[in-house]
Amino acid sequence: MAETKKLAATVRSGTGKGAARSVRREGRIPAVLYGGGEAPQPLSLEKKSLSQLIFAGHFLTTIFELDIDGKKERAIPRDYQLDVIKDTPMHVDFLRLKPGSRLRVQVPVHFINQEAAPGIKRGGALNIVYHTVEMWVPADNIPEAITADLTGMDFNDSLHISAIPLPEGCKPTNPDKNFTVASLTPPAGGGAEEAPAAAAAPAAAPAKEEKKK
């Protein structure tokens, strides 16, 4: 399950680009908390702390306990913008999390046991169709990742979503109930087992010619 982290926030006055620029001049980052049947709440966040959280990874699947001037709110980031030149945070949108709520998130797929896949050991290539899978998940049970086991995969095998254990209460949004997550293709020119057969082909030719005589 995704880890819950604490983050201090301050209520800010004003909305729009002008107000956001003013917040950034103060060395802070503008944000908005919305959803949960309540009005959107403009916030500001400490720049250094926010940058560390974003670049640490899994930011969009992390639940935060926002401390908004002493009031606690559970929320999850839904989007953020970075400066295209400086690569620093510019704005964050948070979604309130109410008890029993569900939401759509992109969950990373982790592939394991490559060394136990015969096709990979013989030079095959793993073609990953989905690096992340979009799922409906409970707000209190957001997975950091799902694990795809490659054990036994050989040339031309496919790994479908049905073969990957999903956390309780999590359901892919893909309308295809058994979509392909990855497949394994042989190397160009064929696999290692095909090489001996190819080498034997020239030796067979003279035998046919002798027969004709």
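Per-structure values
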| read-out | value |
| --- | --- |
| Along each principal axis, Cα extent of the chain, largest first, Å | 99, 40, 27 |
| In the stretch 30-100, the trypsin sites (Lys or Arg not before Pro) that fall in loop regions by DSSP, at most 12 other Cβ within 10 Å | LYS86 |
| Sum of -39500 (n - 2.57) over DSSP H runs of 4+, divided by residues of the chain (222 nm, nearest 500) | -5500 deg cm²/dmol |
| ³J(HN,Hα) computed for each position of the stretch 94-111 - Karplus, 6.51 cos²θ - 1.76 cosθ + 1.60, integer Hz, glycine/proline x | 10, 10, 5, 10, 9, x, x, 6, 10, 8, 9, 9, 8, 9, x, 9, 9, 9 |
| Convex hull of Cα atoms in the stretch 5-98, direction-averaged projection (nm²) | 5.8 nm² |
| Span-like helix ranges in the chain, DSSP H, alpha carbon extent 18 angstrom or more, Kyte mean at least -0.5 | 194-212 |
| Two-decimal Rg to Rh for the stretch 103-185 - Kirkwood Rh, Cα set | 1.01 |
| Positive-end residue of THR185, PHE155, LEU60, charge dipole of the chain with Cβ unit charges | LEU60 |
| The stretch 103-185, accessible surface, carbon-and-sulfur percent (1.4 angstrom probe) | 51 percent |
| Note, ³J(HN,Hα) from phi for the stretch 172-182, Karplus 6.51, -1.76, 1.60, rounded to Hz, x at Gly and Pro | x, 7, 4, x, 6, 5, 9, 5, 7, 8, 7 |
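The values are calculated or read from the model by the stated rules, or taken from the named source; none is laboratory data. This structure is a prediction, so every number in the text was calculated from the model and none was measured. Backbone-built Cβ (ideal geometry, glycine too); neighbour counts: all protein chains shown. All accessible areas refer to the heavy atoms of the entire protein, side chains included, with ligands and DNA or RNA removed. Shrake-Rupley method; radii C 1.70, N 1.55, O 1.52, S 1.80 Å.
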